[in-house]
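**Student:** Here it is: the structure, laid out below.
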Amino acid sequence: MLHYPDFDPVIFSVGPFQARWYGMMYVFGVVAGWLLGRWRASRPGSGWTGAQMDDFVTYLILGIILGGRLGYVVFYNPGYYFSHPTEIVAIWNGGMSFHGGVIGVIAACWLFSRKTGKPLLNVGDFVAPLVPPGIFFGRLGNFINGELWGRVTDGWWGMVFPGAGSLPRHPSQLYESALEGLALFLLLWWYSSKPRSRGAVSGMFLMGYGVARFIVEFARQPDAQLGFVAMNWMSMGQLLCVPMLLLGGWLVFRSR
């Protein structure tokens, strides 16, 4: 059994202001995606300029925050938030959904495509490889916060998380960081390094994330307020991956 590191989630405080590692991980993810996007835009034939990438970052941030928050409200705890609507804007209290964030990013891509005249799937193909670094840092933020832990395990790598009882659990945040973040980034960076038909890279992202998340969910503790939502074994995260897999598979098939 491994001991969970004694992290201080607060980096520093100035009066009532607190800089937290979780928020800083979002900053790291956005900056990493922006820098990678600037590099890709500088490559011959990218169809993008550095200025366009700078402009898109604003759309990206809004899509992540609004989509992630509203996704959590609708998918994971609608009863509570519909009864306490003022809490919807209280992002500082926690509660973000990756699947909602994906919807927000797709909306951002659509708005940006309308502004620039670029086809939506072209925007998606350019942006898709830039997303996994954000997932990588975001899941590290979950680990530092000691949240979204895994199910009980008797493996030597199990950890006792604060607030999760005395039994060791899967460090599922690290599984997700490795699979949905690092491994998916390497796959998409390689896949997009060669010319692909329109929509192929977007489809590969949706399929790759859907498969990785579906697998990791078997080690992750289902949300307490939901439990299993289908067939007595499927979590909400797995259920939301199904349309991602179907859409991603269709885009890849269509591109071929």
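The values are calculated or read from the model by the stated rules, or taken from the named source; none is laboratory data. On a predicted model such as this, the values are computed, not experimentally measured, just so you know. Neighbour counts are summed over all protein chains in view; Cβ atoms, including those assigned to glycine, are modelled from backbone coordinates with ideal geometry.
**Student:** All but one of (1) buried (at least 17 other Cβ atoms within 10 Å of the Cβ); (2) without any contact (Cβ under 8 Å) to a residue 40 or more places away in the chain hold for Ala51; state the number of the condition that does not hold.
**Tutor:** Failed condition: (1).
**Student:** Any residue at all in region 140-156 that's in a helix (DSSP H, G or I), modelled with pLDDT of 95 or more and surrounded by fewer than 20 Cβ atoms within 10 Å (Cβ to Cβ)?
**Tutor:** Within region 140-156, none of the residues are in a helix (DSSP H, G or I), modelled with pLDDT of 95 or more and surrounded by fewer than 20 Cβ atoms within 10 Å (Cβ to Cβ).
**Student:** Could I ask something else about it? Given the conditions (1) under 23 Å from Ser193 (Cβ atoms); (2) of a type outside the set (A, V, I, L, M); (3) modelled with pLDDT under 90, which single one is not true for Gly33?
**Tutor:** Evaluating Gly33 over (1) under 23 Å from Ser193 (Cβ atoms); (2) of a type outside the set (A, V, I, L, M); (3) modelled with pLDDT under 90 leaves (3) as the failure.
**Student:** Something else: Determine whether Met96 is surrounded by 18 or more Cβ atoms within 10 Å (Cβ to Cβ), closer than 25 Å to Trp21 by Cβ and in contact with a Leu (Cβ under 6 Å, 6 or more places away or on another chain). Steps first, please.
**Tutor:** Working: surrounded by 18 or more Cβ atoms within 10 Å (Cβ to Cβ): yes; closer than 25 Å to Trp21 by Cβ: yes; in contact with a Leu (Cβ under 6 Å, 6 or more places away or on another chain): no.
So Met96 does not fit the description; no.
**Student:** If you don't mind, another one. Going by the conditions given, is Pro129 closer than 17 Å to Gln52 by Cα, in contact with a Ser or Thr (Cβ under 8 Å, 6 or more places away or on another chain) and either free of Cβ contacts under 8 Å to residues at least 12 places away in the same chain or surrounded by fewer than 23 Cβ atoms within 10 Å (Cβ to Cβ) (or both)? Talk me through it step by step, then tell me what you get.
**Tutor:** Numbers: closer than 17 Å to Gln52 by Cα: yes; in contact with a Ser or Thr (Cβ under 8 Å, 6 or more places away or on another chain): yes; either free of Cβ contacts under 8 Å to residues at least 12 places away in the same chain or surrounded by fewer than 23 Cβ atoms within 10 Å (Cβ to Cβ) (or both): no.
So Pro129 fails the test.
**Student:** While we're on this one: In region 54-87, which residue that is β-branched (Val, Ile, Thr) and surrounded by 14 or more Cβ atoms within 10 Å (Cβ to Cβ) is farthest from Phe98 (Cα to Cα)?
**Tutor:** Initially, region 54-87 is screened for residues β-branched (Val, Ile, Thr), giving 57-58, 61, 64-65, 73-74, 86.
This time we only want the ones that are surrounded by 14 or more Cβ atoms within 10 Å (Cβ to Cβ), so: 57, 61, 64-65, 73-74.
Working: Val57: 18, Ile61: 13, Ile64: 8, Ile65: 10, Val73: 12, Val74: 12 Å.
Across region 54-87, the extreme among qualifying residues is Val57.
**Student:** Quick one: in region 5-30, which of the residues that are of a type in the set (D, E, K, R) and at pLDDT 85 or above is nearest to Ile144 (Cα to Cα)?
**Tutor:** Taking region 5-30 as the starting set, the residues that turn out to be of a type in the set (D, E, K, R) are 6, 8, 20.
Next cut, at pLDDT 85 or above only: 8, 20.
Working: Asp8: 8, Arg20: 10 Å.
Per the stated criteria, the residue is Asp8.
**Student:** Out of the residues in region 237-251 that are surrounded by fewer than 20 Cβ atoms within 10 Å (Cβ to Cβ) and touching a residue at least 12 places away in the same chain (Cβ under 8 Å), which is farthest from the chain's Cα centre (by Cα)? Give the derivation first.
**Tutor:** Residues of region 237-251 that are surrounded by fewer than 20 Cβ atoms within 10 Å (Cβ to Cβ), as a first pass: 239, 242-243, 245-247, 249-250.
Filter again for touching a residue at least 12 places away in the same chain (Cβ under 8 Å), leaving 242, 245, 247, 249-250.
On the way: Val242: 16, Leu245: 15, Leu247: 17, Gly249: 19, Trp250: 21 Å.
So the residue we want is Trp250.
**Student:** Something else: Of Leu184, Leu188, Leu206, Leu167, which residue is more than 15 Å from Ile135 (Cα to Cα) and in contact with a Gly (Cβ under 9 Å, 6 or more places away or on another chain)?
**Tutor:** Numbers: Leu184 fails: more than 15 Å from Ile135 (Cα to Cα); Leu188 fails: more than 15 Å from Ile135 (Cα to Cα); Leu206 fails: more than 15 Å from Ile135 (Cα to Cα).
Checking each option against the conditions leaves just Leu167.
Yes/no per residue for (1) within 27 Å of Tyr175 (Cα to Cα); (2) in contact with an Asp or Glu (Cβ under 9 Å, 6 or more places away or on another chain); (3) part of a strand (DSSP E or B):
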site: Val27; (1), (2), (3): yes, no, no
site: Trp34; (1), (2), (3): yes, yes, no
site: Gly47; (1), (2), (3): no, no, no
site: Asp54; (1), (2), (3): no, no, no
site: Val74; (1), (2), (3): yes, no, no
site: Ala107; (1), (2), (3): no, no, no
site: Phe112; (1), (2), (3): no, yes, no
site: Val123; (1), (2), (3): no, no, no
site: Ala128; (1), (2), (3): yes, no, no
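**Student:** Let me ask you something else. Among the residues of region 161-176, count how many are of a type outside the set (Gly, Ala, Ser), closer than 16 Å to Ile144 by Cβ and more than 23 Å from the chain's Cα centre (by Cα).
**Tutor:** 1
**Student:** While we're here: Applying the selection to region 76-103, what residues are touching a helix residue (DSSP H, G or I) at 6+ places or on another chain (Cβ under 6 Å) and in contact (Cβ under 8 Å) with a residue 12 or more places away in the chain?
**Tutor:** Passing the criteria: Ile88, Ile91, Gly95, Met96, Ser97, His99, Gly100, Gly101, Ile103.
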